[in-house]
Each structure stands twice: as C-alpha cells, then as structure tokens.
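Student: Sending over a structure as structure tokens; questions will come in a sec.
Bear in mind that the values in this text are calculations on the coordinates, not laboratory data. Note that the structure is a prediction, hence the values are computed from the model and not measured. Backbone-built Cβ (ideal geometry, glycine too); neighbour counts: all protein chains shown.
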Amino acid sequence: MSELIPPYGGRLVTAEPSGAERRELAARAARLPSLPVADVTLAHMEAIATGVYSPLTGFMGERDCRSVVERLRLADGRPWPWPVVLPVPEEWARRRRAGEEVALLDSGGRLMGVLGLEDLFRPDPRWKAAAPDGEPLPLGRPDAGVMYAGGPVRLLQRRPARFPRLQQDPVEVRATLAGRGWRAVAGILTRHVIHKDGEYVLRTLLEGADGVLVQGVVADADEPRDIPARVRVRCYEVVLHQYFPAHRVHLVVQGVSEPLGSPRRALLGAIVLRNYGCTQAAVTAEAAGAEEAGDEGLGLQMVQELYERFQDELGIRLTFFTQPLFCDACGTMVTDKTCPHGALERVIMNRERLRRLLLAGIAPPPQYTRPEVASILLEWARGAR
Ligand SMILES: [Zn+2]
C-alpha cells in the first residue's frame, strides 16, 4: 500500500480506455460528428484523462467555468483556479445539442478522443472584470464567434511524446515514488534551465522532504527566444545526476504549459503536483509569473494571498522563494530573506543577460552556472548564432 498523499479529490481520474472498450469507442467515433481542435486542447484532454487535473473528468460546462472565474472554485465548492475549456466555433455549436457525442480530431484529422457533450455556452462579458485579481484567463470575448463545449472526455490517442522516457503519468510517478518509500514529497515545476539558483531551491526543499519531484514543463513547440526543450532536459539530467543524490530526486517532463506564470496558474501547479504525489511545492518567482509582471515580490505575494484562502482545502504545503543569487560577501547562494548585502556584492543574472552571454560565446559565471551546464548551453549557442 502506498503511503503517498491521495490525489486532489481523493481519486486519480483515468479516462483512457484500452482493449475492446477502446476498439468499440474508436469504431463508434468514426460515425460521430467531429471537431478538429488545437494542440492546447489535446494537451488538456491528456491531462484530464491521465489524472493530472484530477478531479476534473472533462472540459468545464458553464456552471463550473463561471464558478472558477468568479470564486476560484468548481461548482461543487472545491477550490480550482483555472478554466479548462474547449473552444468551438459558434457556427459548429449551432448544429450540436447536449447529449451527443463528438469525435475530437487533431489538426491532421486523426481521431484523438471523444467528448460527451453536456453543455454549450458563450463566455460572459463580465468574467474578465469579475476575476478578483484581474488576471487574464484563456477565455474569448463573447462577440468573437467562439463558444465552449463542456462534458466528459475519453482519450483514444496521445500526441507524440517529445521525451517518451520522461513523460510519465501520475499513476506511473506515484508508483515510482511509493516504491522508493517517499511520503513527504516536494515538487517543483519549471520552464527554465536549473542553475545554482534552482539548485538552491531544490536543496532547501530536500531538507524538509524525502525527495523532490522535478517537473520540466515542455510545450509542443519551442518558443524562438527560449532555450530549446531538448537542451534544457540535458541540463536537468546532468545537474541532477552530478549534484544530487540519485535516490532523492525524480525528473519528469510535463507537457501541459498552463500551470506556471501567474498566481492562478501557480495554484493550479500545486494541484497538479499533488496529483503526482507531492505533499509540498515550491512557488518561485517563475511560478508566480513575477518575471512577466516584472515585480517579483508582488507576484509571490498574490500567490501567497490566494494560497492562504485555500490552503486547508488544497492539502499541499507551499514554500515561497524569492530569487536566490550568489553573494560574494556571504560566499554562497542567498536570498533577500537570508543575506543582508546589496546588489554590489551580488552576482546578478537573469535569463536575458544569460542568453546574450551565451550567444556571444561567453560562459556564464561559475557562481551562477555549473561548468557541465555551461558547456551544454555554449554548444547549443554555437549552433544558434
Ligand atoms: Zn550576503
């Protein structure tokens, strides 16, 4: 019996039929009305069907969506910060009715899953204004010809995995963590290379946990200004292998890009990590969206306020990290919480400065980056110039 924390909602949702059930559903789907959907929708469907978004079993209908936008709760009262919706063209929606099944296709026309259509609704023009934090949500304007289709999904086909060995479902990760005897599991989600600032966060987490689950967040395609995912994943592997005890870290790759980059998203990230078996999670400036907002303290404070409202119900403990950096006077990695010195004593580095150094063929300072990581990044930069 696993001693891991139960998933959020108590049960890990799985909606990926196999065997005869799968064949039957696929055969029936060939005769259903169909809908080509975007990659982000397919990513959400996989997250729902593999339990990453437990307890969600499908795309949100109007009641859940409204409740999530207005009070950060599902209609049943459970805290949930982020609308998980399936946008459909209004013209298509007019020909559908609740109770139908719909075959969901990828952009190449391949059958990916089946939606049990329960609800079709228009976005409410008041929703954006109603979001208490003013945070932009992935909801269209009501006059844009977009509606939303809600209902349970069943997954028939996954998108090709970019990192098959590392892309693991919650059920697989939970089995691994339980097999290692972990109970107190800390989690972190990141879209960035782990430099010494990231190591500082991992080590701090490890002091209070049996192990750390590192989830590298990887989108379907690399952003032109980002370090490509394949380079990033090599960096994760080398840092974790060289500088951490192997039995205390576990690396996976997460294909859903939502749970990072704003206060509501950070809360979703905490739920996702709990579904993977985490009892605690790090909230960094990155997770809080402080990088985008340009104000580290504000982003973290907003997550903290949200967290305080919901922490008892979320059942996962969050640790908040201001940006760690190297202080020459202290001779070690510090944060504003742990060192009295100022900018003159500190090695200030950020992603933009790092990128410029790399593209100029210059290794980042060793106080910031491990030599193994620097050489992987410089090799990439030589090709990218
Ligand atoms: Zn200092």
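Student: For the chain, take the longest principal axis of its alpha carbons; what is the angle in degrees between that and the long axis of helix 296-314, to the nearest 10 within 0 to 90?
Tutor: 50
Student: Using packing as a proxy for protection, rank 355-361, 250-256, 67-73 so that the peptide with the highest average count of other Cβ atoms within 10 Å comes first.
Tutor: Values: 355-361: 14.6, 250-256: 22.0, 67-73: 18.6.
Ranked from most to least packed, the peptides come out as 250-256, 67-73, 355-361.
Student: Sorting check: for 156-166, 210-220, which peptide has the highest mean count of neighbouring beta carbons within 10 Å, and how do the rest follow?
Tutor: On the way: 156-166: 14.7, 210-220: 21.8.
In descending order of packing, they fall as 210-220, 156-166.
Student: How many Å³ per residue does the convex hull of the Cα positions in the range 170-384 occupy?
Tutor: Working: hull volume 26.2 nm³, N = 215.
Once divided by residue count, the hull of the range 170-384 is 122 Å³.
Student: What share of all Cα pairs of the chain, in percent, falls into each consecutive 20 Å distance bin?
Tutor: Reading upward from the zero bin: 27, 56, 17, 0.
Student: Determine the principal axes of the Cα atoms in the range 80-179, then give the extent along each, sorted from largest to smallest and rounded to whole angstroms.
Tutor: Projected onto the principal axes, the Cα atoms of the range 80-179 cover 50, 36, 24 Å.
Student: Of MET302, MET45, MET349, which has the largest mean-square fluctuation in a 10 Å C-alpha GNM of the chain?
Tutor: Residue with maximal mean-square fluctuation among MET302, MET45, MET349: MET349.
Student: Mind listing which trypsin sites (Lys or Arg not before Pro) in the range 306-348 are in a DSSP loop and have 10 or fewer other Cβ atoms within 10 Å? Intermediate results must be reported in sequence, preceding the final value.
Tutor: Values: sites: ARG309, ARG317, LYS337, ARG346; in loops: LYS337.
Listed in order of number, the matching sites are LYS337.
Student: Apply 1/(1 + (r/R0)^6) to the Cβ-Cβ distance of LYS337 and ALA384, taking R0 = 45 Å, and write down the FRET efficiency to the nearest 0.05.
Tutor: On the way: r = 36 Å, r/R0 = 0.80.
After rounding, the FRET efficiency stands at 0.80.
Student: While we're on this one: If I stretch the segment between ALA221 and LEU298 completely, what's the gain in nm (0.36 nm per residue apart, minus their alpha carbon distance), one decimal? Please list the in-between numbers first.
Tutor: Values: separation 77, 0.36 × 77 = 27.72 nm, distance 2.98 nm.
That works out to 24.7 nm of additional length.
Student: Report the trypsin sites (Lys or Arg not before Pro) located in the range 19-50 that are in a DSSP loop and have at most 16 other Cβ atoms inside 10 Å of their Cβ, or state none.
Tutor: Taking the range 19-50 and a limit of 16 other Cβ atoms within 10 Å, the loop trypsin sites (Lys or Arg not before Pro) found are ARG31.
Student: For the range 19-155, what number results from the quotient of the Cα radius of gyration and 2.2 N^0.38 Å?
Tutor: Here the answer is 1.05, to two decimals.
Student: Over the range 71-119, how many percent of alpha carbon pairs lie in each 10 Å bin up to the one with the longest distance?
Tutor: Percent of Cα pairs in each bin: 20, 40, 33, 8.
Student: Once label points are set 7 Å from the Cα along Cα→Cβ at both ARG97 and GLU21, what is their separation, rounded to one decimal in nm?
Tutor: Taking the simple label geometry, ARG97 and GLU21 are separated by 2.9 nm.
Student: Ranked highest first by average number of other Cβ atoms within 10 Å, how do 324-335, 52-63, 144-155 line up?
Tutor: Details: 324-335: 17.5, 52-63: 22.3, 144-155: 20.2.
So the peptides 324-335, 52-63, 144-155, ranked by packing, come out 52-63, 144-155, 324-335.
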